[in-house]
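In what follows, a single structure is set out as structure tokens and then discussed.
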Amino acid sequence: MTTPSSRTAVLDRPDAPTSGDLSFPRIVASEWIRFRSLRSNLWVLLITVATMVFVSVLIGWAATTEDAGEQPTGTAASLVTSGISLGQLTVAVLGVLTITGEYTTGMIRSTMTAVPRRLPVLWARVVVLAAVVAVVSAIGVALSHLATLPFQSEVGVTLDLSDGETLRILLGTSLFLATIAVFALAIGSLVRNSAGGLAIVLGILLVIENIFAVIPMTFFQNVGAFLPATAGGRLLMESETLAMVAETSTTPQLTPWQGYAVMLAWVVLALAAAAALLRRRDV
């Protein structure tokens, strides 16, 4: 993801961090320059927003057709955040490539020469990636709301920003996607390979969690409830849905914020492992 020209541009800037001035804010500023200098990052973010809006519009349109009948449409919050399933895939790709791109091009050596202590680079990338994904996710939710306004009126739902559950779902979307992106960055830092990192992250999100959910064995059902996306996804579920799941399932039931805490624990463990290996391995 990092080209020689973009990294050189960062290092050549007069305000870029040098060996004599390695304050963390300056390292974050350098990483922000690097991040926004890559067109591929911009394209992935645009695709994320477009995907979120498209899925929300599609579901809103489907709810107004004759085929929908008397089926429940959920709340306006669930409608405008319905594109998160595809959005998490694009931000996962972004998270992996944010770190593995430099290993592919070999520019990671220039980065670590500029910041010999190494770990501040990892933390700076976490800060930049999480902030950017959170803001872009919020923009995606806002645009999804505007795009689905005609459908909301037809199905009789409105977005009530004074409702605590609505705010939890809307803000939770940004938190969830930002956390997925950081988790993917940590995995990418561990394996240092784009294909391998993507395979692991997408395998966890799309394969392992879905397999555990459908295997009719208590062990897999119980463990599956604590996998990152499954646990974190409870932050985005409506109260009625949570109550329905609790009545029909024998698996451990986490509250929305307990589920997000479990997701954060996965991220912390992955980042801790990535930080330990970053200090020990050669670049």
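The values are calculated or read from the model by the stated rules, or taken from the named source; none is laboratory data. Quick caveat, the model's predicted, so the values are computed rather than measured. Glycine gets a Cβ as well: all are built from the backbone with ideal geometry, and neighbour counts include every protein chain shown.
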*When region 228-283 is examined, which residues are found to be part of a loop (DSSP other than H, G, I, E, B), in contact with a helix residue (DSSP H, G or I) (Cβ under 8 Å, 6 or more places away or on another chain) and under 30 Å from Glu102 (Cα atoms)?*
Val283
*asked:* For the structure I just gave you, tell me whether Gly87 is assigned to a helix (DSSP H, G or I), under 30 Å from Ser153 (Cα atoms), in contact (Cβ under 8 Å) with a residue 40 or more places away in the chain and of a type outside the set (Phe, Trp, Tyr).
replied: yes
*Of the residues that make up region 160-177, is at least one touching a helix residue (DSSP H, G or I) at 6+ places or on another chain (Cβ under 8 Å), buried (at least 20 other Cβ atoms within 10 Å of the Cβ), assigned to a helix (DSSP H, G or I) and of a type in the set (Asp, Glu)?*
no
*Test each condition in (1) in contact (Cβ under 8 Å) with a residue 40 or more places away in the chain; (2) under 30 Å from Ala62 (Cα atoms); (3) more than 20 Å from the chain's Cα centre (by Cα) for Leu146 and report the one that comes out false.*
(1)
*Before we move on, is Phe226 out of contact with any Phe, Trp or Tyr (no Cβ under 7 Å at 6 or more places or on another chain), without any contact (Cβ under 8 Å) to a residue 12 or more places away in the chain, among the aromatic types (Phe, Trp, Tyr) and farther than 23 Å from Gly74 by Cα?*
no
_Based on this model, can you work out whether Ala265 counts as buried (at least 18 other Cβ atoms within 10 Å of the Cβ) and either over 21 Å from Ile200 (Cα atoms) or at pLDDT 90 or above (or both)?_
no
*Are any residues in region 155-172 farther than 17 Å from Met237 by Cβ and either modelled with pLDDT of 95 or more or hydroxyl-bearing (Ser, Thr, Tyr) (or both), and if so, which ones?*
Thr158, Ser162
_Here's a check for you: in region 104-121, which residue that is part of a helix (DSSP H, G or I) and more than 23 Å from the chain's Cα centre (by Cα) is surrounded by the fewest Cβ atoms within 10 Å (Cβ to Cβ)?_
Thr113
_Going through Arg125, Arg117 one at a time, which residue ends up being touching a residue at least 24 places away in the same chain (Cβ under 8 Å), charged (D, E, K, R) and farther than 16 Å from Ala186 by Cα?_
Arg117
_Quick check on region 49-56. Is at least one of its residues assigned to a loop (DSSP other than H, G, I, E, B) and modelled with pLDDT of 85 or more?_
no
